[in-house]
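Written below as structure tokens is the structure these notes are about.
The values are calculated or read from the model by the stated rules, or taken from the named source; none is laboratory data. Keep in mind that what you see is a predicted model, and the values were worked out from it rather than measured. We place every Cβ from the backbone using ideal geometry, glycine too, and count neighbours over all the protein chains shown.
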Amino acid sequence: MSLMIRQLVKAVISVALVFAFVMPASAQDVKIGVVSLQAIVERAPQTTAVMDALREEFAPREREIVAKQKEIEDLQAKVQKDLAVMGETERRNAEKNLRDLTRDFERMRTEYQEDSNLRQNEEFGVLQRSVLKEVQDYAQAQGYDLIVGDGVLYVSGKVNITEAVLNTVIANYEAANK
């Protein structure tokens, strides 16, 4: 459904652009701009703040995973070293313990990755909505009639307002964090 909506939006934008350029010269007071949302999100200071917050949020679990991995490596080294002097039961117990630790490690790592990806998607969704709102506010404040985003194959510097919007996003972020 999302793909159909995106295609419909692109078609509507394309039709709007065609009408904007086909209108008679006297009616061409339409102000059009193009914005790369991806470039803004990549370069916005909010992105760095989100990444730092996520790193801090998941640091304890990451340390726990690294410690578990070291524990497994140490146990593997001990088992390899003592293999020749171990009895059959002791060897089986050590191998079982190693398998259990490895299984716990894989589970921890998988859960960490899933949780990390989920939080990252949540935070970037919030960030993208925020940037989109700032683009809309900028467009209204500057009197734009149409702003086109992703899916543009070429844009001249005359209508590309990405840098101007990015500067506004940065200024708003700095003003909010003073």
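Among the residues of the range 46-72, write down those that are touching a helix residue (DSSP H, G or I) at 6+ places or on another chain (Cβ under 7 Å) and of a type in the set (Ser, Thr, Tyr).
Correct list: Thr47 only.
Take the residues in the range 103-138 that are touching a Lys or Arg at 6+ places or on another chain (Cβ under 9 Å) and not polar (S, T, N, Q); name whichever of them is farthest from Thr48 (Cα to Cα). Steps first, please.
If we filter the range 103-138 for residues that are touching a Lys or Arg at 6+ places or on another chain (Cβ under 9 Å), which is where we start, we get 104-105, 108-109, 111-112, 115-116.
Remaining after also requiring not polar (S, T, N, Q): 104-105, 108-109, 111-112, 115.
Working: Asp104: 32, Phe105: 30, Met108: 26, Arg109: 24, Glu111: 24, Tyr112: 21, Asp115: 19 Å.
My answer is Asp104.
So that you can scan it fast, the table gives a plain yes or no per residue for (1) assigned to a helix (DSSP H, G or I); (2) over 23 Å from Val165 (Cβ atoms); (3) acidic (Asp, Glu); (4) touching a strand residue (DSSP E or B) at 6+ places or on another chain (Cβ under 7 Å):
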residue	(1), (2), (3), (4)
Thr89	yes, yes, no, no
Arg92	yes, yes, no, no
Asp100	yes, yes, yes, no
Asp104	yes, yes, yes, no
Thr110	yes, yes, no, no
Asn117	yes, yes, no, no
Asn121	yes, yes, no, no
Val126	yes, no, no, no
Arg129	yes, no, no, no
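Tally time: how many residues in the range 98-116 are under 26 Å from Gln80 (Cβ atoms), of a type in the set (Phe, Trp, Tyr) and modelled with pLDDT of 95 or more? Please lay out each step first, then the result.
Taking the range 98-116 and keeping what is under 26 Å from Gln80 (Cβ atoms), we get 98-109.
The next check asks that each one be of a type in the set (Phe, Trp, Tyr); those that pass are 105.
From the residues that got through so far, the ones that are modelled with pLDDT of 95 or more too are none.
Qualifying residue count, the range 98-116: 0.
Which members of the range 34-71 meet the condition of being of a type in the set (D, E, K, R), farther than 30 Å from Val148 by Cα and surrounded by 15 or more Cβ atoms within 10 Å (Cβ to Cβ)?
Residues of the range 34-71 that are of a type in the set (D, E, K, R), as a first pass: 42-43, 52, 55-57, 61-64, 68, 70-71.
Keeping just the survivors that are farther than 30 Å from Val148 by Cα gives 52, 55-57, 61-64, 68, 70-71.
Arg61, Lys68 - these are the residues of the range 34-71 that are of a type in the set (D, E, K, R), farther than 30 Å from Val148 by Cα and surrounded by 15 or more Cβ atoms within 10 Å (Cβ to Cβ).
Among the residues of the range 90-119, write down those that are of a type outside the set (A, V, I, L, M, F, W, C) and closer than 12 Å to Glu62 by Cα. Steps first, please.
At the first step, the residues of the range 90-119 found to be of a type outside the set (A, V, I, L, M, F, W, C) are 90-93, 95-97, 99-100, 102-104, 106-107, 109-117, 119.
Result: Arg109, Thr110, Glu111, Tyr112, Gln113, Asp115, Ser116.
Residue under question is Leu37, and the condition is that it be within 30 Å of Asn177 (Cα to Cα), at pLDDT 95 or above and either aliphatic (A, V, I, L, M) or in contact with an Asp or Glu (Cβ under 7 Å, 6 or more places away or on another chain) (or both); does it hold? Please lay out each step first, then the result.
Details: within 30 Å of Asn177 (Cα to Cα): yes; at pLDDT 95 or above: no; either aliphatic (A, V, I, L, M) or in contact with an Asp or Glu (Cβ under 7 Å, 6 or more places away or on another chain) (or both): yes.
For Leu37, the condition - within 30 Å of Asn177 (Cα to Cα), at pLDDT 95 or above and either aliphatic (A, V, I, L, M) or in contact with an Asp or Glu (Cβ under 7 Å, 6 or more places away or on another chain) (or both) - is not met.
Somewhere in the range 43-58, is a residue within 29 Å of Val155 (Cα to Cα), acidic (Asp, Glu) and at pLDDT 80 or above? Talk me through it step by step, then tell me what you get.
Filtering the range 43-58 down to residues within 29 Å of Val155 (Cα to Cα) leaves 43-48.
Within this subset, residues satisfying the condition of being acidic (Asp, Glu) are none.
No, there is no match, as no residue in the range 43-58 is within 29 Å of Val155 (Cα to Cα), acidic (Asp, Glu) and at pLDDT 80 or above.
Of the conditions (1) touching a residue at least 60 places away in the same chain (Cβ under 8 Å); (2) part of a helix (DSSP H, G or I), Gly33 fails just one. Which one is it?
Against the list (1) touching a residue at least 60 places away in the same chain (Cβ under 8 Å); (2) part of a helix (DSSP H, G or I), Gly33 comes up short only on (2).
Would you mind finding the one in Val165, Val152, Val159 that is more than 19 Å from the chain's Cα centre (by Cα) and within 14 Å of Lys31 (Cα to Cα)? Spell out the reasoning first.
Details: Val165 fails: within 14 Å of Lys31 (Cα to Cα); Val152 fails: within 14 Å of Lys31 (Cα to Cα).
Only one candidate passes the filter, namely Val159.
Pick from the range 131-172 the residues that are outside any helix (DSSP H, G or I) and among the hydrophobic types (A, V, I, L, M, F, W, C): which of them is surrounded by the fewest Cβ atoms within 10 Å (Cβ to Cβ)? Working first, answer last.
So in the range 131-172, the residues outside any helix (DSSP H, G or I) come out as 143-161.
Cutting the leftovers down to among the hydrophobic types (A, V, I, L, M, F, W, C) gives us 146-148, 152-153, 155, 159, 161.
Working: Leu146: 15, Ile147: 21, Val148: 17, Val152: 15, Leu153: 4, Val155: 16, Val159: 16, Ile161: 22.
Among those residues, the one meeting the criterion is Leu153.
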